[in-house]
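First the structure, in the form of structure tokens, and then the observations on it.
The values are calculated or read from the model by the stated rules, or taken from the named source; none is laboratory data. None of these values were measured; they are calculated from a predicted model. Cβ placement follows ideal geometry from the backbone for every residue including glycine, while neighbour counts extend to all protein chains displayed. Quick note on the areas: whole protein, heavy atoms, side chains included, nothing else; ligands and nucleic acids left out. Shrake-Rupley method; radii C 1.70, N 1.55, O 1.52, S 1.80 Å.
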Amino acid sequence: VRSLAHTSTMTPPMIPAIAFGSEFDAFLDEGPFEAVRPVSREPAMFLYTSGSTGVPKGVVLSHQSHLWVVETRLGGQDLSHHRYLIAAPLYHMNALALSQLAIAAHATIVLLPQFTAKAYIAAIEKYRCTWLTGVPPMMAMMLRERDAMAKADLSSVACIRMGSAPVSESLMAAVKQAFPQAAITNAYGTTEGGPVVFGPHPKGLAQPDLSVGHPQAGVQVRLVADGNRDADEGELEMRSPAIMNGYHNRPDLRSPVTADGFYRTGDVFRRDSERFYYFIGRTDDMFVSGGENIYPGDVERMLERHPDIAQAAVIPIDDEIKGQKPVAFVIAKQGHHPSEGDIKQFALAHAPAYQHPRHVWFMERLPLSSTNKVDRAVLKRLATERIAEKTA
């Protein structure tokens with residue numbers, strides 16, 4: 001793998017060239033070496049969850065899990081010509097799995113030490129990156145850098161894969177407009193179950209923009225609701241060779257793997273008549289307001305259909321009457337100036353009344369966690385502070 005991590009404008013240091021021939025063969029000779037032959041399900045890595053829904057847990061992944069993911073994603077394709085731009089931390093499944101794929105494909109990795117939108121755009125142009133991957137907030141932040149996007153030559157980008165968080169209709173449309181020649185994938189995966197769950201439809205049907213695809217060959221999935229294991233909407237359970245061995249030193253946790261080997265993801269999906277799957281929200285994120293179940297992702301996607309909104313994040317706050325109620329933090333599109341009243345009226349007109357945000361706060365950017373997901377814990381603190389200021 002050729003790592004191109006220089007992101008500054010300074011000239012990179014000169015690296016002495018190695019002549020091809022005997023000197024290069026000597027350079028490649030690692031000396032006496034005995035390959036490891038792992039036994040079945042032998043641990044290869046402890047990958048910690050981001051902790052977005054609680055204390056991080058050490059997910060024990062086997063050698064076979066990693067190898068199956070790489071072999072399945074490679075699928076006999078020649079991907080050696082690609083230049084993968086990776087700006088997410090390597091302890092996150094999104095970046096880790098793509099790095100392993102690039103290594104197996106003998107491709108190039110352009111590795112950024114951290115994500116900033118301007119550095120990301122500059123790296124695409126400078127290194128002629130062909131494949132972008134990241135969570136949706138990263139893409140949204142990149143698109144807001146309009147001047148940098150307009151000046152940069154981004155024509156090298158052939159593939160964009162977004163995952164690890166919901167993709168809105170407006171974001172998908174904006175990414176398509178910015179990269180009209182690129183194939184754009186809305187993907188899904190988990191630390192515990194691996195990044196290979198859904199893929200292309202076996203009949204060649206076009207994947208709807210907001211769908212994560214059709215179940216991948218070699219992966220069994222089912223939706224469970226009220227005990228029904230063949231529901232069209234419910235919690236996703238999946239089984240594949242990528243599933244973890246368990247959690248490291250956490251006997252206090254109930255195993256999320258069922259007796260018949262399915263991993264309970266905690267994610268709610270719906271399935272259409274062509275067996276395309278759509279992410280609705282996490283069971284952990286769902287809250288009850290006046291007896292109604294609310295998934296923040298549902299409300300966010302609705303708000304992002306507003307012509308003046310670029311991005312939205314919805315969280316619950318406590319309420320004496322309703323139990324909890326939704327509030328929203330939004331980023332307006334550049335040059336647009338919606339009011340709180342405008343957004344509330346839009347929500348009331350386009351969704352059930354119980355979903356409309358009782359407070360709307362405007363921000364220039366949303367706080368992100370170390371894995372570049374929206375940091376909802378920070379937003380909850382901000383909401384508490386702002387409500388306290390209003391009632392003081």
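Solvent-accessible area per residue for the stretch 315-392 at a 1.4 Å probe radius, Å²? Working shown, then result.
Numbers: 4430 Å² over 78 residues.
The answer is 57 Å² per residue.
Taking only C-alpha pairs under 8 Å that are 6+ residues apart, what is the relative contact order of the chain in percent? Mind showing how you got there, number by number?
Working: 724 pairs, mean separation 47.7, N = 392.
Relative contact order here is 12 percent.
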**Report entry** Tilt relative to the chain, helix 376-391 - C-alpha long axis, 0 to 90 degrees, to 10
**Finding:** 30 degrees
Report task. Express the accessible area of the stretch 140-255 per residue in Å², computed with a 1.4 Å probe while the remaining protein chains stay in the model. Result -> 49 Å²
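Keeping all protein chains in place and using 1.4 angstrom, which order do Cys159, Cys129 fall into by accessible surface area, from largest down? Let's see the in-between values first.
Values: Cys159 30, Cys129 0 Å².
If we order Cys159, Cys129 from most to least accessible, we get Cys159, Cys129.
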Query - Computed accessible area, Thr391, all protein chains, 1.4 angstrom probe, square angstrom - result: 110 Å²
Requested in this report: Stick to Cα atoms and the Kirkwood definition of Rh, then tell me Rg/Rh for the stretch 305-360.
Outcome: 0.99
Query raised in the report: Just by accessible area at a 1.4 angstrom probe, what is the order of Leu28, Leu236, Leu348 from largest to smallest?
Result: Leu28, Leu348, Leu236
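Under a 1.4 angstrom probe, counting protein chains only, how are Glu235, Glu292, Glu320, Glu300 ranked by accessible area, largest first?
Working: Glu235 50, Glu292 80, Glu320 190, Glu300 20 Å².
The most accessible residue leads, giving Glu320, Glu292, Glu235, Glu300.
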Query raised in the report: Hey, if you put +1 on the Cβ of every Lys and Arg and -1 on every Asp and Glu Cβ in the chain, which of Asn228, Phe287, His214 ends up farthest toward the positive end of that dipole?
Result: Phe287
Query - Percent carbon-and-sulfur accessible area, the chain, ignoring ligands, DNA and RNA, probe 1.4 Å - result: 53 percent
Report summary line: Measure of exposure for Phe27: accessible area at 1.4 Å probe, Å² rounded to 10, is 130 Å²
**Report entry** Long pairs among Lys126/Lys373; Lys126/Lys151; Lys126/Lys333, criterion Cα-Cα beyond 18 Å
**Finding:** Lys126/Lys373; Lys126/Lys333
Report summary line: Here P(r) for the stretch 80-211, Cα-Cα distances in 5 Å bins, as whole percents, is 2, 10, 20, 25, 22, 14, 5, 1, 0
Query raised in the report: Once amide H atoms are placed 1.01 Å from N in the peptide plane, what residues at a sequence separation of 5 or more from Asp319, or on another chain, have their amide H within under 5 Å of its amide H?
Result: Gln324, Lys325
Query raised in the report: Which residue, Arg37, Arg271, Arg381, tops the fluctuation ranking in a GNM of the chain built on C-alpha contacts under 10 Å?
Result: Arg37
Query raised in the report: Counting only the heavy atoms of the protein chains, how much of Ser273 is accessible to a 1.4 Å probe, in Å² to the nearest 10?
Result: 110 Å²
